[in-house]
Each structure stands twice: as structure tokens, then as C-alpha cells.
Amino acid sequence: MEWLERNMPKLVLAPSFVAILIFVYGFIGWTAWVSLTRSRLMPRYEIDGFGQYARLFASPRWDVAMNNLFIFGGLFIAISMLIGLMLAIFLDQKIRAEGVLRTIYLYPMALSLIVTGTAWKWILNPGLGIQEMVRGWGFQNFSFDWLIRPEMAIYTIVIAAVWQASGFVMALFLAGLRSVDTEIIRAAQVDGIPTRRIYTAIIIPTMAPIFLSAFIVLAHLAIKAFDLVIALTNGGPGYATDLPATYMYAMAFSRGDLGQAAASAMIMMMVIFAIVVPYLYSELRPRREN
């Protein structure tokens, strides 16, 4: 009984640990192995080197997917953080309807990405949404057909993603604003420092860890973006709005090219690691005492 009591936490966690070991890290290892083979419709296990990666980087469709990732990721992160910060500062003014507004801003995060993509597909559809509505008001020359224009379609995904994520970023920043020592703010106000200067010179710089956390979360969402793209554009027109995740899906389940899918998945994982590992290192390393 003493042994059981002493080892009970380990016994309880053991099944979860084994499941994660097999179904997460085991399949990551399997994907890495397949990416080094000549697998097509069915996996092969004879190592063939980095041929799949050479094919991947020579693929025009992969180039489009990576370019779209940089466009989508950069705009999505920057705009979401800017809007989230502005909303957080607005709510931090202790306005009367704060509870209602906070709920409204956070509501999009309660929706699935499929629902968000479907709703914005209707809104941005030239024959049903904003363009048709404005033309119905008498502005017959108004045009907003980004959804069907290959060079502009990626920006419709940015719009939908920002709409969904900016409320979450607002909540992070609002928590950070509320954690700032009020005595510092009062002292600055007594000294006659304008409110704008208090935020830019005192409050916002102290929120650097929250900015970093928001960046990591948004970057992770951008790299893995899949549901929203499938629901909103399905990667089209053509493959103009392909992202790495949709490219991987197309190779695995539409083109029957497991080797290419595995190689693209490993590149995605490397990009995520390149962002997350430095963050974890900076957060978990021991701090030196002054």
C-alpha cells in the first residue's frame, strides 16, 4: 500500500504519457522517416535522402504557399496585435459598458474557424455580400471582389482571421494593462504627464512579455492555418490562397503524394520550432540574481 500511494501519481499519468509518446512523437518520427523516402500513394520505408525536399522547394505551388504564409502571417499578427491593443486601451478607461463590450469583442473566439470562414465567404461574395449590398444602395460602380481575384484573395483570409483573433489579443493586453502598478500611473499623473505619454512610455513597455506571448500564439495559429482557408477560399482561385497546411492536405489526400505531404509537414514543424524554442528558452532559463 505504501508503494501504491507513493507511485499513484505516476501510475495515473502513465497511460497519458504513453499515448502522447506514441500518437504525437511517434507519428512525428514516422512523418520524418516518410519525408526521406520515395513514398507516393502508399508509404515506402527505404531511405532515399532529401529528394522530397528538393521536389518541394522546386514546386511553384509550394512557393505560392510560403509567400502566402509570410503575407498572411505578417498582416494577421500585426493587425491583430494593433487592434487588440487599441481595444484593450479603450476598455481600460473604465467605461460603463465594459462588460458588454468585452463579451462582444471576445465572441468571435467562441466560433469555430469553419463557421467564421463560411460567414465571411457569404459576406465577401460579390453576388451576395458587401458589393451587392452597396450596389443596392445606388453605388453601381462600387466593387469589392477580392474573394475571386487571385492577387487579392489572400487578404480576405487576413480579414476573417483578424476578426476572429483580435478579441483574444485584446483580452491578453487588457489583463496586462490591469496588472500594471496603479501607484506608478498615479505618480505620473501627478507629475502632469499626458495619458498618451503614460501609455507609450510607461505602461506598454512593461507589457513586453505579453506582447511576446501574443506574438507566439498568433504565429502558431498562422503557420497551422487550415480550417479558415478551406471554408473561405478552399485554396483558390486555383491555388492562389494555398498555405503550407492546405498544401500538405492536398498532397496527402488529393494528389496521393505522401512524400511531399510529409516533407511539407516537417518544414512547417521546423518553422514552428524556430519560433517557439527561443521563446521557451528565454522563459525557462534560470534568471540571474542582481
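Here is a yes/no grid of residues against (1) of a type outside the set (Lys, Arg); (2) modelled with pLDDT under 95; (3) closer than 17 Å to Arg255 by Cα; (4) under 24 Å from the mean Cα position of the chain (by Cα):
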position	(1), (2), (3), (4)
Gln52	yes, yes, yes, no
Asn67	yes, no, no, yes
Phe76	yes, no, no, yes
Ala97	yes, yes, no, no
**Prompt:** Which members of the stretch 49-94 meet the condition of being in contact with a Pro (Cβ under 8 Å, 6 or more places away or on another chain) and of a type in the set (D, E, K, R)?
**Reply:** none
**Message:** For the stretch 237-254: of the residues being over 16 Å from the mean Cα position of the chain (by Cα) and assigned to a loop (DSSP other than H, G, I, E, B), which is surrounded by the most Cβ atoms within 10 Å (Cβ to Cβ)?
**Reply:** Tyr239
**Request:** Answer yes or no: is there a residue in the stretch 198-213 that is touching a residue at least 40 places away in the same chain (Cβ under 8 Å) and in contact with a Ser or Thr (Cβ under 7 Å, 6 or more places away or on another chain).
**Result:** no
**Asked** Any idea how many residues of the stretch 255-290 are outside any loop (DSSP other than H, G, I, E, B) and modelled with pLDDT of 90 or more?
**Response** 14
**Prompt:** Of all the helices (runs of 4 or more DSSP H) wholly in the stretch 123-221, which have at least 3 residues that are surrounded by fewer than 17 Cβ atoms within 10 Å (Cβ to Cβ) and in contact with a His (Cβ under 9 Å, 6 or more places away or on another chain)?
**Reply:** none
**Message:** Please pick out the residue among Arg178, Arg149 that is under 25 Å from Ile230 (Cβ atoms) and of a type in the set (Lys, Arg).
**Reply:** Arg149
**Prompt:** Taking the stretch 222-232 as the search range and keeping residues that are open to solvent by 20 Å² or more (accessible area, probe 1.4 Å) and part of a loop (DSSP other than H, G, I, E, B), which one is nearest to Ile157 (Cα to Cα)?
**Reply:** Phe226
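The values are calculated or read from the model by the stated rules, or taken from the named source; none is laboratory data. Since we're looking at a predicted model, the values are computed, not measured. Neighbour counts are summed over all protein chains in view; Cβ atoms, including those assigned to glycine, are modelled from backbone coordinates with ideal geometry. Keep in mind that these areas ignore ligands, DNA and RNA; they rest on the heavy atoms of the full protein, side chains included. Shrake-Rupley method; radii C 1.70, N 1.55, O 1.52, S 1.80 Å.
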